[in-house]
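Novice: My questions will all concern the structure given below.
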Amino acid sequence: MSQVVATRSINITLSRPSSGSAPQRPQTFLKPPTFASKVFQPQGNNDESFKASFTTCHVIDARKPTPTEVVPVSPEDDQKIEEELQHLRGLQQLGDTAVGMWSKPTFRRKTKIVCTIGPSTDTREMIWKLAEAGMNVARLNMSHGDHASHQKVIDLVKDYNAQSKDNVIAIMLDTKGPEVRSGDLPQPITLEPGQEFTFTIRRGVGTTDCVSVNYDDFVNDVAVGDMLLVDGGMMSLMVKSKTEDSVKCEVVDGGELKSRRHLNVRGKSATLPSITEKDWDDIKFGVDNQVDFYAVSFVKDAQVVHELKNYLKSCGADIHVIVKIESADSVPNLHSIITASDGAMVARGDLGAELPIEEVPLLQEEIIRICRSMGKAVIVATNMLESMIVHPTPTRAEVSDIAIAVREGSDGIMLSGETAHGKFPLKAVKVMHTVALRTEATIPGSQMPPNIGQGFKNHMSEMFAYHATMMSNTLGTSTVVFTRSGFMAILLSHYRPTGTIFAFTDQKRIQQRLALYQGVCPIYMEFSDDAEETFKRALDLLQRQGMVKEGEEVALVQSGRQPIWRFQSTHNIQVRTV
């Protein structure tokens, strides 16, 4: 197995039915509204249904204090963290009086890692090493490279998936979007505070005091007094005046201006369409190569998502759409945008350029909360290990940033320049893997699964996923599900059971797609017509691979949109001993 095995948290919280009065219910689960939720005022209120789920239960706190040590998080400490986790497992078995029933199963890292593939990692050797280090999704950034270079990466990932027996990598195509960039310069220009500098829509201009912009409506989109940011805030200029074809600015924060730098206006989004002509060419390229996900840049409203999904439907392409939240215009439309999509990416770079930076962590928490309430995938991206582009170890703030994204419940965490063109791509993945694994080991287990809201209320499957999670958390078991569409495995993932979700499918495309979802271990296996034979083969495979042990119990769920070996109206949960 390519990923380190870890135990779940030592702290156990067992839920029991009770007739206790309301004041006896645990208050620790009832999280107060966040500042972000007050600001954005989400449509609909699920708080009452969330609170109602606790009216018939109380919690027995069975925590056993155990001495623990802080696990180092540098890449060289992989062996140390494994020894520490083995130590924690030993303490757990010594402390639990009913090990057979209440001990917790081992599991792999749950939070998935998205790696951007670029010049540092676009070889066969590096793709294999990244997969072994913990990569779950390979991201193709269409802002760089051409179709030939991306085709090479797609072919390499597909070769890996064909050869790997116990791991699979999904492919995500990230569109360039309507980026506003400065033009070419013969050499970098140093801008000093107080200096005057001009941006013009005239083509081919590149002097010491004036440079072209690739967007004809740039002059109309900015106003006197606007703050213009270069590279997300590396430099800033105040707009002083403008003419028909030029914008004159005063440098506020100086620096070195190079060719083709990204430009933002604080608090404003460009009026360009979210999907450009280049993006449509790239999307068709993705259809031809059967990628698993599109990450669509600068989505401002749900109409963009509907347009893309209609196009994919007309092509007969089964590709999920992840919306990138990175523009000021997208924030008021968060609910409708995420509802129309299959998931969201918190693209903190441009988001922090168009909005005040102090809003970014609040938006991150809000977007994760909305996605989880709707049963959608969510990825936290940008600057997670930025210092590791040039340094072999991360800053402590970056380590904390990863841990926060994991604890907030993100499905995936993403590396951009760190793996695309950084000096230490493998070390960056190992750091992300180790920090996520260590953080997950401290998240309390065996608690009430979240009420994920109205997303799946029309499906009986939601109730079974909820109770399967309750059963898995209480008994300390992993969950086994069989799926041809991925629906039930994704639904279980968003309830966040403490044990691993082993998702068996006979569809290669579904196996790859499930690689993104938190806690899901997707496994390809041919199904037979006989349910019992398939169940037995699945459990035997898990035992051979060391994912479960003989005598261990697993929760087996038969539910979902497409019935397999059951009647349409029949759903069930079983507990089986391996």
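Novice: Considering only residues of the range 294-308 that are in contact with a strand residue (DSSP E or B) (Cβ under 8 Å, 6 or more places away or on another chain) and part of a helix (DSSP H, G or I), which is nearest to residue 150 (Cα to Cα)?
Specialist: So the residue we want is 308.
Novice: Among the numbered criteria (1) under 28 Å from residue 153 (Cβ atoms); (2) open to solvent by 40 Å² or more (accessible area, probe 1.4 Å); (3) polar (S, T, N, Q); (4) within 24 Å of the chain's Cα centre (by Cα), which one does residue 303 miss?
Specialist: Residue 303 satisfies all of (1) under 28 Å from residue 153 (Cβ atoms); (2) open to solvent by 40 Å² or more (accessible area, probe 1.4 Å); (3) polar (S, T, N, Q); (4) within 24 Å of the chain's Cα centre (by Cα) except (1).
Novice: Can you pull out the residues in the range 312-358 that are in a helix (DSSP H, G or I), β-branched (Val, Ile, Thr) and closer than 25 Å to residue 236 by Cβ?
Specialist: 331, 357
Novice: So is residue 237 part of a strand (DSSP E or B), within 28 Å of the chain's Cα centre (by Cα) and surrounded by 15 or more Cβ atoms within 10 Å (Cβ to Cβ) or not?
Specialist: Values: part of a strand (DSSP E or B): yes; within 28 Å of the chain's Cα centre (by Cα): no; surrounded by 15 or more Cβ atoms within 10 Å (Cβ to Cβ): yes.
Taking the combined requirement at face value, the residue does not satisfy it.
Novice: Something else now. Look through 362, 415, 426 and report the one residue that is modelled with pLDDT of 95 or more and crowded, with 24+ Cβ neighbours inside 10 Å.
Specialist: Details: 362 fails: crowded, with 24+ Cβ neighbours inside 10 Å; 426 fails: crowded, with 24+ Cβ neighbours inside 10 Å.
When all the criteria are applied, what remains is 415.
Novice: Let me ask something else about it. Do you know which of the residues in the range 338-351 that are open to solvent by 10 Å² or more (accessible area, probe 1.4 Å) and farther than 18 Å from residue 490 by Cα is farthest from the chain's Cα centre (by Cα)?
Specialist: Among residues in the range 338-351 that are open to solvent by 10 Å² or more (accessible area, probe 1.4 Å) and farther than 18 Å from residue 490 by Cα, the one farthest from the chain's Cα centre (by Cα) is 350.
Novice: I'd like the residue in the range 200-234 that is in a loop (DSSP other than H, G, I, E, B) and touching a helix residue (DSSP H, G or I) at 6+ places or on another chain (Cβ under 7 Å) and, out of all such residues, is surrounded by the most Cβ atoms within 10 Å (Cβ to Cβ).
Specialist: To start, the set of residues in the range 200-234 that are in a loop (DSSP other than H, G, I, E, B) comprises 201-205, 207-209, 214-217, 222-226, 231-234.
Pick out the ones that are also touching a helix residue (DSSP H, G or I) at 6+ places or on another chain (Cβ under 7 Å) and you get 201, 232-233.
Numbers: 201: 18, 232: 20, 233: 15.
So, considering only residues that are in a loop (DSSP other than H, G, I, E, B) and touching a helix residue (DSSP H, G or I) at 6+ places or on another chain (Cβ under 7 Å), the one surrounded by the most Cβ atoms within 10 Å (Cβ to Cβ) is 232.
Novice: Restricting the search to the range 242-261, which residues are of a type outside the set (Gly, Ala, Ser) and closer than 21 Å to residue 192 by Cβ?
Specialist: 247, 248, 249, 250, 251, 252, 253, 256, 257, 258, 261, listed by residue number.
Novice: Looking at (1) crowded, with 20+ Cβ neighbours inside 10 Å; (2) under 25 Å from residue 507 (Cα atoms), can you tell me which one residue 297 breaks?
Specialist: Among (1) crowded, with 20+ Cβ neighbours inside 10 Å; (2) under 25 Å from residue 507 (Cα atoms), residue 297 violates only (2).
Novice: Please work out which residue is most open to solvent (accessible area, probe 1.4 Å), limiting yourself to the range 244-293 and to residues that are part of a strand (DSSP E or B) and in contact with a helix residue (DSSP H, G or I) (Cβ under 9 Å, 6 or more places away or on another chain).
Specialist: 268
Novice: State whether one or more residues within the range 401-411 are surrounded by fewer than 19 Cβ atoms within 10 Å (Cβ to Cβ), of a type outside the set (Gly, Ala, Ser), modelled with pLDDT of 95 or more and over 16 Å from the mean Cα position of the chain (by Cα).
Specialist: No, the range 401-411 has no match at all.
Novice: Still on this structure: Condition check: more than 29 Å from residue 379 (Cβ to Cβ) and modelled with pLDDT of 95 or more. Does residue 251 satisfy that?
Specialist: yes
The values are calculated or read from the model by the stated rules, or taken from the named source; none is laboratory data. On a predicted model such as this, the values are computed, not experimentally measured, just so you know. Note: ideal-geometry Cβ built from the backbone for every residue, glycine included; neighbour counts use all protein chains shown. When the accessible area is computed, the model is the full protein with side chains, heavy atoms only, and any ligands, DNA or RNA have been set aside. Shrake-Rupley method; radii C 1.70, N 1.55, O 1.52, S 1.80 Å.
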